[in-house]
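Here the structure comes first, spelled out in structure tokens, and everything after it is commentary.
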Amino acid sequence: MHRPRPAPPPPARPVARMPAMLALATALLGGSALVQAQDDGGVRLDAPPLCDSEARPAPRQLLDRFINADCAACWRDEATPDAAANTLALDWVLPGSLGDEAPLAAVARRDALERLDSLRLPPPPQGAIDRSRVRPPRGAGAQPLRVAHGQALNGYVGASLTWQPPKGMARTGPLTAWLALVEELPRGTEDSPVARRLVRNLVVAPIDPHRRELAGADIWRVLNVPEGAQPTRLEVAGWVTDARGRVVAAAASRCPSPSSGAAGAR
């Protein structure tokens, strides 16, 4: 006589907790929560400081400083122009012909070639400088572009760019949004004669290329923090270019002062 098999036990009910990856993404994208791992596998959410561009005057000029990774002396060049007031300086290190053996190979990025191409400049054998005046369209507000980022967590940082064009702005061609993760390096770092904003990661995104009416941009990304970058020195910079490569808006983030919590210059 065959005995009926006992019914299997009902499946255990899942513990009601936010998935770790979802919580991590929320924190990295500058949301209202920062994830802390718990011993039981769950997560705890704390409010982090958010770094954004709202308390920083909009730049009137971009200063792009390019260095070939083969040229160690270019980093120390006393003729390197400093950033004037209301100027957003960006430092790009291009991959060199020496590959991984180049003196500056550790901080070289192919993103620099994309920026050079947008400026219609050839890769320099040593270094190059370009200045781009910000040309806001008629009717643009004082700060039409906003960038922000959260705190670095497990080698990643969330960043965003939001741009609102003025009403009635005509589309004359493709528009492009640029969002750069940069590391602020004080004057004297590796004998640099100027303070630098070294580009560590970059997002380049077309702005609604298939829409007939002109819309703004709302870009959110989780960016890798390259090895060697100091999280406390990170900020984000953003700008929008038109079909001719002209900069129509720019912004850079500023973090709250650790002592007061109020926005302050880094």
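So here's what we get for this one:
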quantity	calculated
Virtual spin-label span in nm between residue 121 and residue 195, 7 Å along Cα→Cβ	2.2 nm
Contour excess over end-to-end distance, with Cα ends at residue 138 and residue 78 and 0.36 nm allotted per residue	17.7 nm
Solvent-accessible heavy-atom area per residue, rounded to whole Å², over segment 91-166 at 1.4 Å	55 Å²
Ranked by how many other beta carbons lie within 10 Å on average, peptides 194-203, 111-120 from highest	194-203, 111-120
Distance in nm between pseudo-label sites at residue 204 and residue 187 (7 Å out along the Cβ direction from Cα)	3.3 nm
Ratio Rg/Rh [Cα only; Rh per Kirkwood] for segment 67-178	1.02
Reference-scaled alpha-carbon Rg (2.2 N^0.38 Å with N residues) for segment 47-96	1.52
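The values are calculated or read from the model by the stated rules, or taken from the named source; none is laboratory data. None of these values were measured; they are calculated from a predicted model. When we count neighbours, we look across all protein chains shown, and the Cβ atoms used for this are built from the backbone with ideal geometry, even at glycine. Side chains included, ligands, DNA and RNA excluded: accessible areas come from the protein's heavy atoms. Shrake-Rupley method; radii C 1.70, N 1.55, O 1.52, S 1.80 Å.
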